[in-house]
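The values are calculated or read from the model by the stated rules, or taken from the named source; none is laboratory data. Predicted model only: the values in this text are computed from it and were never measured. Methodologically, a virtual Cβ is constructed for each residue, glycine included, from the backbone with ideal geometry; neighbour enumeration extends over all protein chains shown. What goes into the accessible areas is simple: the full protein's heavy atoms, side chains included, and nothing from ligands, DNA or RNA. Shrake-Rupley method; radii C 1.70, N 1.55, O 1.52, S 1.80 Å.
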Amino acid sequence: MPISDTFAVLAQMPALLYTIAGVLGLIVGSFLNVVILRLPRVMELEWHRECAQLAELAGSGTASVPDQALSLANPPSSCPHCGARIAPWDNIPVVSWLLLRGRCRDCKASISARYPLIEGLTAALSIIVVWQFGASAEALAALVLTWGLIALAFIDLDTQLLPDDITLPLLWLGLLISLTGLFTDSTSAIIGAVAGFLMLWSVFHLFRLLTGKEGMGRGDFKLLALFGAWLGWQALPQIVLLSAMAGAIIGVALIATGRRDSQQPIPFGPFLAMAGWIALLWGELITNAYLQWSGLAL
């Protein structure tokens, strides 16, 4: 059946459409847990290998490479406490965690509630995306971006890193999608990618010039460039404003409640990801509402 016919059928059965989106979100969320946990470790191992190669080229030969094979697929999932292999029936998203009452079947050690949280969050956001875009190509593209943003946000929270392995493929995908005009045209996408990078690059260097400190990571430049590629340069001011407001409010709240030291850096990536996702779904609606409120609507 052609994809357009499939979309037409699903559009007539919204309950089935949302169920598919939710189940798919749970499955993808389970995989995202692996990505969030392992990708930073894979990157660290790769950095060690590169350092060892540089040391060897320099003739020092002092750098060592960890004797560990790790990828997103291998080794299979296991309990972080006792190392017991997790059986497939204990790896069903959300359900297995609830049935096991959040504990390992073998050693009974507690399993973090963040795993089902990410699975549930991915399912919920997937349903919202499909609810907003319906059964369409826009929904499929937006789902891919949503899943990538979830991984980026949690990795940044854990490690203050925004891996190029996720950011750059999504940026290029946004530029390719602009050829179809799903979210914006190619000209706006190309300008948006360049402008998004340069906006935060300029802020970074101005802040460093004034304070002598680095106010954000370079991964933030690429993340904003990603949104410029997907949504066009027109969406960038809204995304920067929303992310700055959210970061300021949450940052002040964390410091005021003592949950964060004022000298401790707060990752900006999650706020950018949240603002960009909101702009993806409701950016035009927000802009029109503001224009009407300010009396600038044509």
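Observations
- Only one of the numbered conditions (1) at pLDDT below 95; (2) more than 16 Å from the chain's Cα centre (by Cα); (3) surrounded by 16 or more Cβ atoms within 10 Å (Cβ to Cβ); (4) among the hydroxyl-bearing types (Ser, Thr, Tyr) is not met by residue 188, and that is (1).
- Checking each residue in region 104-126 for being more than 23 Å from residue 152 (Cβ to Cβ) and either open to solvent by 40 Å² or more (accessible area, probe 1.4 Å) or hydroxyl-bearing (Ser, Thr, Tyr) (or both) picks out 105, 106, 107, 108, 110, 111.
- From 60, 96, 64, residue being modelled with pLDDT under 85 and open to solvent by less than 80 Å² (accessible area, probe 1.4 Å): 60
- Test: residue in region 206-220 that is buried (at least 21 other Cβ atoms within 10 Å of the Cβ), of a type outside the set (A, V, I, L, M) and at pLDDT 95 or above: no
- Subset of region 229-278 [polar (S, T, N, Q), over 17 Å from residue 184 (Cβ atoms) and touching a residue at least 12 places away in the same chain (Cβ under 8 Å)]: 243
- Residue within region 128-139 that is of a type in the set (D, E, K, R) and over 20 Å from the mean Cα position of the chain (by Cα) present: no
- The one condition in (1) in a helix (DSSP H, G or I); (2) modelled with pLDDT under 95; (3) open to solvent by 70 Å² or more (accessible area, probe 1.4 Å) that residue 27 fails to fulfil: (2)
- Selection within region 125-142 - aliphatic (A, V, I, L, M) and touching a Gly at 6+ places or on another chain (Cβ under 8 Å): 125, 127
- Within region 256-285, tally of residues that are under 24 Å from residue 127 (Cα atoms), surrounded by fewer than 16 Cβ atoms within 10 Å (Cβ to Cβ) and within 22 Å of the chain's Cα centre (by Cα): 2
- Every listed requirement among (1) in a helix (DSSP H, G or I); (2) open to solvent by 60 Å² or more (accessible area, probe 1.4 Å) is met by residue 101 save one, (1).
- Count of region 21-64 residues, restricted to those that are more than 25 Å from residue 162 (Cβ to Cβ), touching a residue at least 12 places away in the same chain (Cβ under 8 Å) and β-branched (Val, Ile, Thr), is 1.
- Contact annotation: residue pairs with Cβ atoms under 7 Å, 6 or more positions apart or on different chains, pairing a residue in region 70-93 that is over 21 Å from residue 27 (Cβ atoms) with a partner that is open to solvent by less than 50 Å² (accessible area, probe 1.4 Å) and of a type in the set (Lys, Arg), are 70/38.
- Residue satisfying all of: in region 105-134; in contact with a strand residue (DSSP E or B) (Cβ under 8 Å, 6 or more places away or on another chain) and assigned to a loop (DSSP other than H, G, I, E, B); farthest from residue 31 (Cα to Cα) among these: 109
- Residues satisfying the stated conditions in region 140-184, i.e. farther than 15 Å from residue 276 by Cα, free of Cβ contacts under 8 Å to residues at least 60 places away in the same chain and open to solvent by less than 30 Å² (accessible area, probe 1.4 Å): 177, 178
- Cβ separations smaller than 6 Å between residues 6+ apart or across chains give the following pairs from region 96-111 residues that are more than 15 Å from residue 84 (Cα to Cα) to residues that are surrounded by 12 or more Cβ atoms within 10 Å (Cβ to Cβ) and at pLDDT below 85: 96/90.
- Any hit, region 2-21, residues being part of a helix (DSSP H, G or I), of a type in the set (Gly, Ala, Ser), farther than 23 Å from residue 156 by Cα and at pLDDT 80 or above: yes
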